[in-house]
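Written below as structure tokens is the structure these notes are about.
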Amino acid sequence: MHLDPIIMSDKQDGDDTELLTKTKPKTKRPPMYKVMLLNDDFTPMEFVVHVLERFFGLNHAQAFEIMLTVHKKGLAVVGVFSHEIAETKVAQVMDFARRHQHPLQCTMEKEE
Ligand code: TYC
């Protein structure tokens, strides 16, 4: 009598290796949001530098550099935060600019 060999193509030895490598984890990291400053022709440079120091914890040199990038390029990302923190930063900057009657615009956008 002839017996064909049984080929063990799937792991069935009781460990979970196959299950672990084939199962996609369903937990996702929460999305992060870029907070951006937009250029305009009226907000004073020193005011923008102050905003960056006050609300984004930048030192004077970092703040001046980012302000200049916005001034030259039209906009720049000033930080990346969770949705709640980004919303708070945008609201703080917009409120501070409004109270000082400057047209400075701050927006947020989902990071892809
Ligand atoms: N362009 C402005 C000026 O020349 C300066 C400025 C920089 C304004 C950055 C807004 O987000 C800004 N006074």
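The values are calculated or read from the model by the stated rules, or taken from the named source; none is laboratory data. Keep in mind it's a predicted model, so treat the numbers as computed, not measured. Cβ coordinates were reconstructed from backbone atoms using ideal geometry, including for glycine residues, and neighbour counts include every protein chain displayed.
Going through region 26-63 one residue at a time, which ones are in contact with a Phe, Trp or Tyr (Cβ under 8 Å, 6 or more places away or on another chain), within 15 Å of the ligand (Cβ to nearest atom) and in contact (Cβ under 8 Å) with a residue 60 or more places away in the chain?
Listed by number, the list holds a single entry, 35.
Select the helices (runs of 4 or more DSSP H) contained entirely in region 1-109, then report the ones holding at least 3 residues which are at pLDDT 95 or above and out of contact with any helix residue (DSSP H, G or I) (no Cβ under 7 Å at 6 or more places or on another chain). Explain how you work it out, then say what you get.
Details: elements: 17-22, 45-56, 60-73, 83-99.
Correct list: 45-56, 60-73, 83-99.
How about region 83-106: which of its residues are within 16 Å of residue 31 (Cβ to Cβ) and in contact (Cβ under 8 Å) with a residue 60 or more places away in the chain?
Within region 83-106, none qualify.
In region 95-112, which residue that is within 15 Å of residue 42 (Cβ to Cβ) and surrounded by fewer than 16 Cβ atoms within 10 Å (Cβ to Cβ) is nearest to the ligand (Cβ to nearest atom)?
Restricting to residues being within 15 Å of residue 42 (Cβ to Cβ) and surrounded by fewer than 16 Cβ atoms within 10 Å (Cβ to Cβ), the top hit is 103.
Suppose we filter region 64-77 for residues that are over 25 Å from residue 110 (Cβ atoms) and near the ligand (Cβ under 8 Å from one of its atoms); how many remain?
Within region 64-77, residues that are over 25 Å from residue 110 (Cβ atoms) and near the ligand (Cβ under 8 Å from one of its atoms) number 2.
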